[in-house]
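Please treat every number below as a calculation from the coordinates, not as lab data. Because the structure is a prediction, the values reported are computed rather than measured. FYI the Cβ positions are ideal-geometry reconstructions off the backbone, even for glycines, and counts take in every protein chain you see.
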Amino acid sequence: MLTRFEIPTQGPGLYEFTAPLARWLAGLSVSEGLLTLFIQHTSASLLVQENADPEVQTDLTAFFHRLVPPTTDPSMAYLTHIYEGPDDMPAHIKAAMMPVSLSIPVSDGRMQLGTWQGVYVVEHRTRPHRRQVVAKLLPG
């Protein structure tokens, strides 16, 4: 009951993958347990967040950019890990502040998310990536 999801990203933002997770869970023989998710990257995160109003995702992306701007911003001149560009170390900082794993209860083959909740990869880098998320349902 372990699988990997590949989530394509196109720069900073939240990328929902609730639907593929739900389809995978619906196809399993076990219908109760704890879904664990882990992103295999140090410059992206996982998040459960509102999926009804896209402004929430836009505002969160803008907030994190303001909180940790690229190294081209004078306030970030103290950073030294800039080998992959001005978004390199800021992406690592954001990933260190946000979850890289999630646990979601599953009952009757469905994630027990709230009405307006979705599961997201949060991309912190500016160029496109293909993020890998490992999912495992622990029977319960």
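Compared with the dominant Cα axis of the chain, that is its longest principal axis, helix 88-97 is turned about 50°.
Here Rg and Dmax of the Cα atoms in Å was computed from the coordinates, and among (1) 18.3, 67; (2) 16.2, 54; (3) 14.8, 43 the match is (2).
Counted by neighbouring Cβ atoms within 10 Å, the residues TRP116, TRP24 run from fewest to most as TRP116, TRP24. For the chain, take the longest principal axis of its alpha carbons; what is the angle in degrees between that and the long axis of helix 54-67, to the nearest 10 within 0 to 90? Computed tilt is about 40 degrees.
Annotation: extensible slack from ASP108 through GLU6 equals 34.2 nm (criterion: 0.36 nm per residue apart, minus Cα-Cα distance).
Neighbour counts of other C-beta atoms within 10 Å: give me ASP59, ASP73 arranged from fewest to most.
The most exposed by this proxy come first: ASP59, ASP73.
The residues neighbouring ARG130, those whose beta-carbon lies less than 14 Å from its own, together hold a net charge of +2 under the Lys/Arg +1, Asp/Glu -1 convention. Computing FRET efficiency as 1/(1 + (r/R0)^6) for TRP116 and ALA77, where r is the C-beta to C-beta distance and R0 is 35 Å, gives about 0.30. Say a paramagnetic label sat at a point 7 Å from the Cα of ALA19, along Cα to Cβ; which residues of the stretch 51-79 have their backbone N under 19 Å from it? Only 51-58 fall inside the zone, counting backbone N under 19 Å.
Using the number of other C-beta atoms within 10 angstrom as an exposure proxy, rank TYR15, TYR78 with the fewest first.
So the ranking, lowest neighbour count to highest, is TYR78, TYR15.
Taking all Cα pairs closer than 8 Å and separated by 6 or more residues, the relative contact order of the chain comes to 54 percent.
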